[in-house]
Amino acid sequence: MWHMADRFSRRDLFGMFRKSLSAARADELPLRPPGAIDEDRIADTCIRCGACIDICPRHAIRAVPRGHAAGVGTPFIIPREAPCVMCSGLSCTTVCPSGTLRRLSGPHEVRMGRAIIDKARCLPYQGAACSACVSFCPVQGAIALDDQARPRITDACTGCGLCEHYCPPDPTAIHIRPRVPR
């Protein structure tokens, strides 16, 4: 008789559980602006002054509304509506008085999340031509095209959300999964 324990160690099973829990948690979390500290510290650290919201040149940063479990009044971004353009100087990281958004030296340090492609919705995976995500991505090499011109996300992805914002299908074929601390 075959038993699952014959194929997986307890460590393997725990590792798989942790990865799936982490992925589920990321889908429920708001996308935080550049330089954000770990999610489990944001609600207690952010003083909800709105400085990051006020200085954002593209009005991408908003306050989490009432009724959301993730720290009412703390900063977040909805990429489909207004993505982070990683402005010159990353202004939001320079005005935060509480340290909720740490100062970064440049866009190369931004790690807000990672783009995830839904291949069932992505036009190139369905045989249609589209390169909107690649065209609008501000990070060279973050989205690579395979030999059939289908997009693939690389480790260079910052999670800025420009790809999600400009993705033609509605709902989008690409979305940003927020960063989750390990």
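The values are calculated or read from the model by the stated rules, or taken from the named source; none is laboratory data. Owing to the predicted nature of the structure, the values given are computational and were not obtained by experimental measurement. Cβ placement follows ideal geometry from the backbone for every residue including glycine, while neighbour counts extend to all protein chains displayed.
What pairs come up if the first residue lies in segment 134-153 and is at positive phi, the second is of a type outside the set (G, A, S) and not in a loop (DSSP other than H, G, I, E, B), and their beta carbons are under 7 Å apart, counting only those six or more places apart or on different chains?
Every condition considered, the pairs that remain are A149/P124.
Please verify whether segment 15-24 includes one or more residues that are farther than 22 Å from I174 by Cα, at pLDDT below 75 and charged (D, E, K, R).
Within segment 15-24 (the criterion being farther than 22 Å from I174 by Cα, at pLDDT below 75 and charged (D, E, K, R)), the answer is yes, since at least one residue qualifies.
Out of C56, C130, C96, C137, which single residue is over 16 Å from the mean Cα position of the chain (by Cα), at pLDDT 95 or above and more than 15 Å from R32 (Cβ to Cβ)? So that I can check it myself, show each step before the final result.
Values: C56 fails: more than 15 Å from R32 (Cβ to Cβ); C96 fails: more than 15 Å from R32 (Cβ to Cβ); C137 fails: over 16 Å from the mean Cα position of the chain (by Cα).
From the options C56, C130, C96, C137, the qualifying one is C130.
Being closer than 17 Å to K119 by Cβ and touching a helix residue (DSSP H, G or I) at 6+ places or on another chain (Cβ under 7 Å) is the filter; apply it to segment 153-168 and report the residue that is surrounded by the most Cβ atoms within 10 Å (Cβ to Cβ).
The extreme case among them is C163.
Exactly one condition in (1) in contact (Cβ under 8 Å) with a residue 40 or more places away in the chain; (2) crowded, with 16+ Cβ neighbours inside 10 Å; (3) farther than 19 Å from H59 by Cα is not met by S98; state its number.
Result: S98 passes all but (2).
Test R150 against the criterion of being within 27 Å of I42 (Cβ to Cβ) and either surrounded by 15 or more Cβ atoms within 10 Å (Cβ to Cβ) or of a type outside the set (F, W, Y) (or both), and give yes or no.
Against the criterion (within 27 Å of I42 (Cβ to Cβ) and either surrounded by 15 or more Cβ atoms within 10 Å (Cβ to Cβ) or of a type outside the set (F, W, Y) (or both)), R150 does not qualify.
Which of the residues belonging to segment 168-181 are under 24 Å from P30 (Cβ atoms) and touching a residue at least 40 places away in the same chain (Cβ under 8 Å)?
P169, P171, T172, A173, I174, H175, I176, R177, P178, R179, V180, P181
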